[in-house]
Amino acid sequence: MYQYNSRVSYSEVDANLNLTYFDLVNYMQDCSCFHSDDVGVGVFYLAPKDLGWFVTSYEIHIVRMPEYMEEIVITTYPYQVKGMMARRIYKMETVAGELLMYADSLWVLMDLKELRPARLTDEIIAAYPEDPDRPKFEFSRKKLRYENNGKLVGKFVVNENHIDTNSHMNNSWYIDVTRRYLPSEDFNSIHVNYKKAAMLFDELEVYLVELEQGYQVVLIKNDEVYTIVEYK
């Protein structure tokens, strides 16, 4: 288990002074990075080895979005760290213990030169012991599918500010981009399946699917699905 405290800043909130969904995911990502670097297997360990973690899925459940100036605690629990993959649970709470958000995620370690999965080193596995007291949230962990039934609602070009140290569009931006095409923001869960990494100057088509409950937003290039995001 690893956690850190923060306070929601003005640059992280929307017009209603609530934390943005973009920054919600950034808090999760930062918690992972702080954890990894604090135990010695983060960016400074991975980069010289041409390795990097790619997230393949998020399942985020929102109880309440924190507000400007609110003090929060972000916690992560790695588990099933083996082979070429690992999972992480996240939760965000107020300092008083009110649950704001919880999430599950699946990650794969990638060889950045060959762009293929890499086996976890002994150091990485040893750095992430499982916490027997990790919270028992319920997750569906479903695999999202696109049935080619979406309506083209826009196009998006990946720019320099979207690129991270793994040389692809950072995972937070996929949620920021797709959310903008929703007819409304009446949802409390976000499921993301990352199929293929978007690279600098990629032009992605955005398709919207109305579900029985909620919406699916899909990013596609040359008829290949890059990312599916479900908002419910």
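Of the chain, which part is the longest with no GluC sites (Glu not before Pro) in a loop (DSSP not H, G, I, E, B) and with at most 10 other C-beta atoms within 10 angstrom?
Result, exposed sites excluded: 1-113.
As an exercise, identify the trypsin sites (Lys or Arg not before Pro) in region 137-174 lying in DSSP coil whose Cβ has no more than 13 other Cβ atoms within 10 Å. Don't jump to the answer; show the numbers that get you there.
Numbers: sites: Arg141, Lys142, Lys143, Arg145, Lys151, Lys155; in loops: Arg141, Lys142, Lys143, Arg145.
The qualifying sites are Arg141, Lys142, Lys143, Arg145.
Given a cut-off of 24 Å, name the pairs among Lys49/Lys82; Lys113/Lys143; Lys91/Lys221; Lys136/Lys232; Lys82/Lys232; Lys49/Lys155 whose C-alpha atoms lie farther apart than that in the structure shown.
Over 24 Å Cα-Cα: Lys113/Lys143; Lys91/Lys221; Lys82/Lys232; Lys49/Lys155.
Around Arg87, with a cut-off of 11 angstrom between Cβ atoms, what is the net charge of the other residues, counting Lys and Arg +1 and Asp and Glu -1? Could the numbers behind the result be given before it?
Details: positive: Lys82, Arg88, Arg134, Arg141; negative: Glu59, Asp104, Glu130.
That sum, taken over residues with Cβ under 11 Å, equals +1.
What whole number of Å gives the distance from the Cα centroid of region 55-105 to the Cα centroid of region 135-157?
19
Between Ser140 and Arg119, what is 0.36 nm times their sequence separation minus the Cα-Cα distance? Round to one decimal in nm.
Here the answer is 4.9 nm.
State the extension gain, in nm to one decimal, for the chain segment bounded by Val153 and Glu210, taking 0.36 nm per residue of separation less the distance between their alpha-carbons.
19.3 nm
Every number here is computed from the coordinates shown, using simple stated rules; none is lab data. The model shown is predicted, which means the values in this text are computed figures rather than measured ones. A quick note on method: Cβ atoms are made from the backbone with ideal geometry, for glycine too, and the neighbour counts reach across all protein chains shown.
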